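A.B. asks: Pasting a structure below so you can have a look.
Values quoted throughout were computed directly from the atomic coordinates according to the rules given, and no laboratory measurement underlies them. The shown structure was predicted, so the numbers you read here are calculated from the model rather than taken from an experiment. Heads up, the Cβs are rebuilt from the backbone with ideal geometry, glycines too, and the neighbour counts pull from every protein chain shown.
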Amino acid sequence: MEIYLDANATTPVLPQARAAALSAMAEQFGNPSSTHASGLKARALLDRVRATARRVLGAPSGQLLFTSGATEGIQTAVLSALSTLRRRRDGGEPLRLELLYGATEHKAVPEALKHWNALLGLQLPIRAIPVDAHGRHDLAWLRDRAPTAGLVCTMAANNETGVISDLEGIAAALAGSPALWLVDSVQALGKLTLKLTESRIDYAPFSGHKLYAPKGIGLLYVRDGAPFTPLLAGGGQESALRAGTENMAGIAALGAVLDALEDGEIFHDQTTLAVHRLRLATALSEAFSGLVFNAPAALSLPTTLNFTVPGVSSKLLLDLFDAAGLRVSGGSACSASKAQPSYVLEAMGLPAWQSAAAVRLSFGAADGTGLIDEACSRIRACGAALRANCLSPMPRAQEAAPELLTRFVVDGACCYLVADATSRQCVVIDPLPELTDGIVQWLRCRGLALAAVLDTHSHGDHASSAGELRAAACALLKEQSTTDALGWPQGDDEIVLGGLRLTRLAIPGHTADSTAYLLHEAHTLRLAFVGDTVMPGALGRSDFPQSEPLAYASSLKTLERIVGPHTLLLPGHDYDNRFACTLSAECEMQPLLAGVLQGRLDAAAFAKAKAALEDHLPLTEYQTLACGARVDGCTQGTRVEMGAAQLTALMRGTPRPMLVDVREPYEQQVAADSTPVCDTAPEYVSSSGLLNALPRWLALSADVPIVFYCRSGNRSAQAARALRRLGHAQAWSLEGGLALWPAAPSPAEPSLDKFETTIQQ
Ligand code: PLP
């Protein structure tokens, strides 16, 4: 069951709108420009919808054009305003005007301003109107600039925060200004009362898909007398203001939505919506400790909540909510590698942690009480899952057994936690400052004592946060003798954690103090933490002042002698999510490493070749210092995806494939009743605990397929690639993840009853 709470991005299509679109395609399919009966029917439909739109938008006069959506409306408005400015300039008028837009506008607005300003050769200054901490425009700033403004663009309500602009205040600030005024009204439709003709607004674009009409249909209001230049010229449609045969299916669907707005049956009033929002806000605050709302409710659309949970990334919350069947969105744009802080929240002056981890929840004006109830109960379940997994403060310790290894990654840098379940002791290796609070909470909640905090070397790209972690976790810190600079207890040969032992091995090169920590269980070497000395696809750079380039080759040989070619090596950086490496796998990919270990390169030749590689190393994709020159191309590599049909076929063959769900435990917990993949019980191994299972999978027979899956197919593809790289060729990822796995029941025919909820089976 899916609960869609991302209405500011788009909405489902109202059943009445779907029916109207189907009818426009099947029965009233005529071209409204034709003069025969079929055309006349289509024309009548078009005229009727426009007349309804005029009533709903309070626009008895002015032009109301059908467009493909708001982006087109914005382009048309900006082109119109800037074309008239250009005509004035071409007529000899000296133009000392500026183009102003709200700092929190949708990107379509500033991008259109830049585009047309350059294309028309105007080159007028473009400035962002600052907003205050509530996201409201700085009216004093605007008043000062108003006399020299050529075009002012201010949205009616913000798509990320729901903050409603003070349009009357803006109109007052613009009194006497020569500026044309564009109001992006996309998020206002159906949620705010609009009286366009009574206002000073010159242009107001709308988009159908934000209010239960399909994508590809929109409206643009143009005030009588406002300059106009068509964006599309051609067959003279829309009174030659917007050429192209009209999207009649879209117009019919939009008409059905506008009818529903007028009759007031389907869309809830402001008071009901505000009650829905309050219930969701209460559920969120109760579920997530310390949650902050990023915009004041009193100034926002009653359908939008934007919030941040301290210490919990938006990526984690999105995965969690998605697993629970709640569709929300990140309040910030996510690049492939890193969540970028939201420019909207940044413009409001929110601190980076708050704007980078923001989540937006926006429900539809037609959503009913049943859906809100269910959403609230799932939100509470999400909060409980975070607490149960020690990701949110817990009042008392959990007795859940910790996994042997947990890996945390921040911008490609890795931190490891080694825990012994029986003695409840652990060691943290290469702590990162961003993780301090989370790790302390994690240890406290699981009742773990901290035996040591170790660094594999003095890092070149960041300062160690070991001291900070020890101070923050002092109550959990085992009584310790003095330690060396890397945190190793002075005078001790090993650190014992119940049945586990850590020993150390000096491997100078990347830095003079580079050290590997070897983890032994009973008398077996399980794996080694090697810092930056060997990373997947790279060797640590040795051009730092603290490096010892000539010692590097011999350290690699020592490492090989002690750990052998197949022991898992856990690196200090893992920019491409390869998780682990082995000397044998790296030798195949890294000629320099192979050269040293196979005796073809001596220490000096190795150092020289390495220095050449490291000359002018660019920053990483995270804009951090690269800790080594990658030589395996960091490509996404071979295709590891397998489609549903291929997997179903594979399940019938031998050997039977293993299915591995790599979602985190908190996702699995809230997704108890999600669609099973192939009716086969999967193994649950989360991405952060994947290292625990790697040795077991690598020991499987080479022909056993292992198919990983997750929510979207990203994390499972990483797991499959990592396993293949380490030598298991039959590692696969379910293409598109659970999101695309075929749901069991086929969707019911759209009901034309009151559109009570968007819960979909
Ligand atoms: N303006 C705002 C405030 C929006 O939220 C959006 C859509 O996200 C747009 C403009 C662009 O609308 P469309 O998708 O119809 O081009």
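A.B. asks: For Gly628, which sequence-distant residues (separation of 5 or more, or a different chain) have an amide H within less than 5 Å of its own amide H, given hydrogens modelled in the peptide plane?
C.D. replies: Arg541
A.B. asks: I've got another one for you. For Gln646 and Arg87, what does the FRET efficiency come to when R0 = 60 Å and r is the distance between their Cβ atoms, rounded to the nearest 0.05?
C.D. replies: 0.50
A.B. asks: What is the range 641-740's relative contact order, in percent, from Cα pairs under 8 angstrom and six or more apart in sequence? The partial results should precede the final answer.
C.D. replies: Numbers: 163 pairs, mean separation 33.4, N = 100.
Computed value for the range 641-740: 33 percent relative contact order.
A.B. asks: Quick one: grab the alpha carbon gyration tensor of the range 405-632, order the square roots of its eigenvalues as a ≥ b ≥ c, and give me rounded if a/c is under 1.5, else prolate or oblate depending on whether a/b is larger than b/c.
C.D. replies: Numbers: a/c = 1.92, a/b = 1.55, b/c = 1.24.
The shape class here is prolate.
A.B. asks: Can you put Ile74, Ile706 in order of Cβ neighbours within 10 angstrom, beginning with the fewest? Spell out each step's value before the answer.
C.D. replies: Working: Ile74 27, Ile706 21.
Taking fewest neighbouring Cβ atoms as first place, the list is Ile706, Ile74.
A.B. asks: Along the Cα→Cβ direction, 7 angstrom out, place labels at Asp679 and Glu479. What is the inter-label distance in nm?
C.D. replies: Going from the Asp679 label point to the Glu479 one covers 6.1 nm.
A.B. asks: I'd like the projected area of the range 76-126, averaged over all directions, using the convex hull of its alpha carbons. Report it in nm² with one decimal.
C.D. replies: Averaged projected area of the range 76-126's Cα convex hull equals 3.3 nm².
A.B. asks: Residue farthest toward the positive end of the dipole of the range 532-636, with Cβ of Lys/Arg at +1 and Asp/Glu at -1: which of Ala607, Ser542, Leu569?
C.D. replies: Positive-most Cα among the choices belongs to Ala607.
A.B. asks: Right, next: Give me Tyr212, Tyr552 ranked fewest to most by other Cβ atoms within 10 Å of their Cβ, as a rough exposure proxy. Walk me through the numbers on the way to the answer.
C.D. replies: Numbers: Tyr212 30, Tyr552 25.
So the ranking, lowest neighbour count to highest, is Tyr552, Tyr212.
A.B. asks: Still on this structure, please answer the following. Which order results if Thr638, Thr161, Thr582 are arranged by neighbouring Cβ count within 10 Å, fewest first?
C.D. replies: Thr638, Thr582, Thr161
A.B. asks: Rounded if a/c is under 1.5, else prolate if a/b beats b/c, else oblate: with a ≥ b ≥ c from the C-alpha gyration tensor eigenvalues square-rooted, which is the range 269-388?
C.D. replies: oblate
A.B. asks: Here's another thing I want to ask about it. For the chain, what does the relative contact order come out to in percent, with C-alpha contacts under 8 Å and a separation of six or more? Let's see the in-between values first.
C.D. replies: Details: 1566 pairs, mean separation 84.8, N = 761.
Relative contact order, the chain: 11 percent.
A.B. asks: Place a +1 charge on the Cβ of each Lys and Arg in the range 405-632 and a -1 charge on the Cβ of each Asp and Glu, then give the dipole magnitude about the Cα centre in debye, rounded to the nearest 20.
C.D. replies: Value, rounded to 20: 500 debye.
A.B. asks: How far is the Cα center of the range 85-119 from the Cα center of the range 178-202, in Å?
C.D. replies: That distance is 19 Å.
A.B. asks: Hey, another quick one. Nearest 5 is fine: what % of DSSP beta bridges in the range 61-242 come out antiparallel, could you say?
C.D. replies: 50
A.B. asks: Could you tell me which helices of the chain pass both thresholds, a Cα extent of 18 Å or more along their own axis and a mean Kyte-Doolittle hydropathy of at least 1.0, with helices taken as whole DSSP H runs?
C.D. replies: Length and hydropathy pass: 248-263.
A.B. asks: While we're looking at this one, here's another question. Provide, in order from the shortest bin, the percent of all Cα-Cα pairs of the chain in each 10 Å bin, continuing until the bin that contains the maximum pair distance.
C.D. replies: 3, 12, 19, 20, 18, 14, 10, 4, 1, 0
A.B. asks: If you don't mind, another one. If amide H atoms are built 1.01 Å from N in the plane of the peptide, which residues on other chains or at least 5 residues away come under 5 Å of the amide H of Val163?
C.D. replies: Asn158, Leu301
A.B. asks: How big is the shadow of the Cα convex hull of the range 61-242, averaged over all directions, in nm²?
C.D. replies: 10.3
A.B. asks: When DSSP assigns beta bridges and you keep just the ones with both residues in the chain, what percent turn out antiparallel, to the nearest 5? The partial results should precede the final answer.
C.D. replies: Working: 58 of 94 bridges.
Percent antiparallel among DSSP bridges in the chain is about 60.
A.B. asks: While we're on this one: Using each residue's phi in the range 655-667, evaluate 6.51 cos²θ - 1.76 cosθ + 1.60 at θ = phi - 60° and report the 3J(HN,Hα) Karplus result to the nearest Hz, with x for Gly and Pro.
C.D. replies: x, 5, x, 8, 9, 10, 8, 9, 5, 5, x, 5, 6
A.B. asks: Let me ask another. Taking the Cα centre as origin and putting +1 on Lys and Arg beta-carbons and -1 on Asp and Glu beta-carbons, what dipole magnitude results for the range 641-740, to the nearest 20 debye?
C.D. replies: Details: 9 positive and 9 negative charges, 67 e Å.
The dipole magnitude comes to about 320 debye.
A.B. asks: Per residue, how big is the convex hull around the C-alpha atoms of the range 356-439? Give it to me in cubic angstrom, could you?
C.D. replies: Cα convex hull per residue, to the nearest whole number: 135 Å³.
A.B. asks: Also: Apply the Karplus curve 6.51 cos²θ - 1.76 cosθ + 1.60, θ = phi - 60°, to the phi angles in the range 216-223 and return the couplings in whole Hz, x for Gly and Pro.
C.D. replies: x, 9, x, 9, 10, 8, 10, 4
A.B. asks: Ok, one more. How much length would be gained if the chain were fully extended between Asp602 and Ser34, taking 0.36 nm per residue of separation minus their Cα-Cα distance, in nm to one decimal?
C.D. replies: This chain segment gains 196.1 nm when fully extended.
A.B. asks: Using a simple charge model, +1 on the beta-carbon of Lys and Arg, -1 on the beta-carbon of Asp and Glu, nothing else, what dipole does the chain show about its Cα centre, in debye to the nearest 20?
C.D. replies: Approximately 1080 debye in magnitude.
A.B. asks: Over the range 1-72, what is the relative contact order in percent, taking alpha-carbon pairs closer than 8 angstrom and at least six residues apart?
C.D. replies: That works out to 14 percent.
A.B. asks: Placing +1 on the Cβ of each Lys and Arg and -1 on the Cβ of each Asp and Glu in the range 47-191, which of Val186, Gly162, Gly102 has its Cα farthest towards the positive end of the resulting dipole?
C.D. replies: Val186
A.B. asks: Determine the equivalent ellipsoid of the range 485-534 by diagonalising the alpha-carbon gyration tensor, then write out the semi-axes as square roots of 5 times the eigenvalues, largest first, rounded to whole Å.
C.D. replies: 20, 14, 7
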